[in-house]
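The values are calculated or read from the model by the stated rules, or taken from the named source; none is laboratory data. Bear in mind that the values here come from a model prediction, so they are computed numbers and not experimental data. Using ideal geometry, Cβ is built from the backbone for each residue, glycine included, and neighbour counts are taken over all protein chains shown. SASA here: full protein model, heavy atoms, side chains in, ligands and nucleic acids out. Shrake-Rupley method; radii C 1.70, N 1.55, O 1.52, S 1.80 Å.
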Protein chains: 2
Amino acid sequence: MAIGVKALPLSFVVHVLGVAGLVMVLVWCIHFRGGLAWESSDKSLIFNIHPVLILLGLIIIGGEAIISYKALPLKKEVKKLIHLVLHAIALILGIVGIYAAFKYHNESSIANLYSLHSWIGIGVIVLYGIQWIYGFIVFFYPGGTDAIRRESLPWHVLFGLFVYVLAVSNATLGFLEKLTFLENSGLAKYGSEAFLVNFTAIVTVLYGIFVILTALSQAPAEVDYSYTAI
Amino acid sequence: MAIGVKALPLSFVVHVLGVAGLVMVLVWCIHFRGGLAWESSDKSLIFNIHPVLILLGLIIIGGEAIISYKALPLKKEVKKLIHLVLHAIALILGIVGIYAAFKYHNESSIANLYSLHSWIGIGVIVLYGIQWIYGFIVFFYPGGTDAIRRESLPWHVLFGLFVYVLAVSNATLGFLEKLTFLENSGLAKYGSEAFLVNFTAIVTVLYGIFVILTALSQAPAEVDYSYTAI
């Protein structure tokens, strides 16, 4: 599926939204929530690592990894390397980000894994990992036969986009869950922090939409290879 | 974009998941939450109309409307009529479902439109309405020129799937938000009601995934027209 729109302008929108989302989540976690810390007596600083790393890793770097085939005027082999390295970074940041949430819960005696956000989050990171390993083995090293690559490619793209949409959806669940906790503890429902969190979630959704649009759009003409096979 | 899988078996999975989701949300709202009512001194019964109508309307009937072109062995004109009538029903149930949430808030002195769920919900219903009206005018009555139809079709499909994914995501936000409120008021985090709500959300996500897969799959061979143009 390719839509009749050029990838390059869409990819610029992705970059801009990514920077905006990252700035917004940092302003939230540092200015409004007191900063980030791996060890602290103020356990909420440990939690703050979670939204920052998930947004930066799984969503922003993961999104850039998805569009790398469409947004970069480079050779296929170089773009493939960028694609798999960015996804590896996204995956590692995602795992550390999830670990931070567990660390915060455990050190604050908060129950683990009862919420929909946590359930889908575990699902996303497992599927993301499986997708990365499958992609590495079939498309990079040792590499499958031509037939296996050809058969796998549309499913790799489709499954990857599914996991990514699930990750973006789950990020919105996380923003809503945390903000609901804060509002139940007295945070103003129409205050500046509440608006910032909701707009960060909206920017995250828009980022995801433009990543998908870029993935479905036409790669630059001078590039021979891309995943337009689907 | 069409994947090399037949639509019919996928569409059966959609029907089964739709029935399962409907039963689960009814068990939740009637057995655990006391039932549905348009007028009641127990205002929570008014709220209960909201998840039932949204899930039945926007998600389940909306999903069946999307796959009608791929799942039914009928003539194109008949399927088009089914597609637009089902989407109209979905839209009306969605509007009434949203109205029920406002009615509950207003009669219980709860603030309106502060949460991410409510913001995205308003966005979804507006986009759903615009999509329906555009589809009606261009593809049904009075109908656009052949060139306009041909140009519009892939965008109609893409935009429709985007709005649908947004609706499914927002349904999960709603389940999480309501359950978080209940858990903050003392509901057991690992109790049967919490598990029922979370699994209803999971079934909703699976339903959405199979709707998208069916929409991307191969229509039955005897059918000439479908939206495989994309």
*At a probe size of 1.4 Å, how large is the accessible area of B:SER109, to the nearest 10 Å²?*
110 Å²
*Averaged over B:179-191, number of beta-carbon atoms from partner chains that fall within 10 Å*: 3
*Report, in degrees rounded to the nearest 10, the 0 to 90 angle that the Cα long axis of helix B:146-184 makes with the longest principal axis of chain B.*
20 degrees
*Find the accessible area per residue for segment B:7-216; the probe is 1.4 Å, ligands and nucleic acids are left out, and the unit is Å².*
42 Å²
*Of B:VAL27, B:VAL78, B:VAL203, which has the largest mean-square fluctuation in a 10 Å C-alpha GNM of chain B?*
B:VAL78
*asked:* I need the shape label for the protein assembly as shown. Rule: rounded when a/c is under 1.5, else prolate if a/b > b/c, else oblate, with a, b, c from the alpha carbon gyration tensor.
replied: oblate
_chain B, relative contact order in percent, only Cα pairs under 8 angstrom and at least six apart counted_ = 36 percent
*Pick from A:ALA147, A:ALA215, A:ALA20: which residue has the top mean-square fluctuation in a GNM of chain A where Cα pairs under 10 Å get a spring?*
A:ALA147
*Shortest first, in nm, what separates the label point of A:PHE195 from those of the same position in the other copies (7 Å along Cα→Cβ)?*
4.4
*Taking a probe of 1.4 angstrom, what is the accessible area of A:ILE120 in Å², to the nearest 10?*
20 Å²
*Find the centroid of the Cα atoms in segment A:124-153 and in segment A:185-204, then give the distance between the two in whole Å.*
39 Å
*asked:* Under a Cβ-only charge scheme (Lys and Arg +1, Asp and Glu -1), can you give me the dipole magnitude of segment A:7-216 about the Cα centre, in debye to the nearest 20?
replied: 480 debye
*Using only protein heavy atoms and a 1.4 angstrom probe, determine the accessible area buried between A and B, summed over both sides, in Å² to the nearest 100.*
3500 Å²
*What number, rounded to the nearest 500 deg cm²/dmol, is the helix-based mean residue ellipticity at 222 nm of chain B, given -39500 (n - 2.57) per DSSP H run of at least four residues and division by all its residues?*
-24000 deg cm²/dmol
*asked:* If I fit a long axis through the Cα atoms of helix B:76-107 and take the longest principal axis of the Cα atoms of chain B, what angle between them do I get, 0 to 90°, rounded to 10?
replied: 20 degrees
*Cβ-based charge dipole, segment B:7-152, positive-most Cα from B:SER68, B:VAL96, B:LEU53*: B:SER68
_Averaged over its residues, how many other protein chain Cβ atoms are within 10 Å of peptide A:155-166's Cβ atoms?_
2
*Give, to the nearest whole percent, the P(r) tail of segment B:117-205 beyond 23 angstrom, counting all Cα pairs.*
44 percent
*Quick one: with all protein chains in place, what share of the accessible area of the protein assembly as shown is carbon or sulfur, to the nearest percent (1.4 Å probe)?*
71 percent
_Selected from B:ILE212, B:ILE30, B:ILE49 as most flexible by GNM, with chain B as the system and alpha-carbon contacts under 10 Å_ = B:ILE30
*Kindly provide the GluC sites (Glu not before Pro) of segment B:23-88 that DSSP labels as loop, not H, G, I, E or B, and whose Cβ sees at most 13 other Cβ atoms within 10 Å.*
B:GLU39
*Please report the relative contact order for segment A:113-170, taking Cα pairs under 8 Å with a sequence separation of at least 6, and give it as a percent rounded to a whole number.*
48 percent
*Just name one of B:VAL14, B:SER115, B:VAL205: the one whose Cα is farthest towards the positive end of the charge dipole of chain B (beta-carbon charges, Lys/Arg +1, Asp/Glu -1).*
B:VAL14
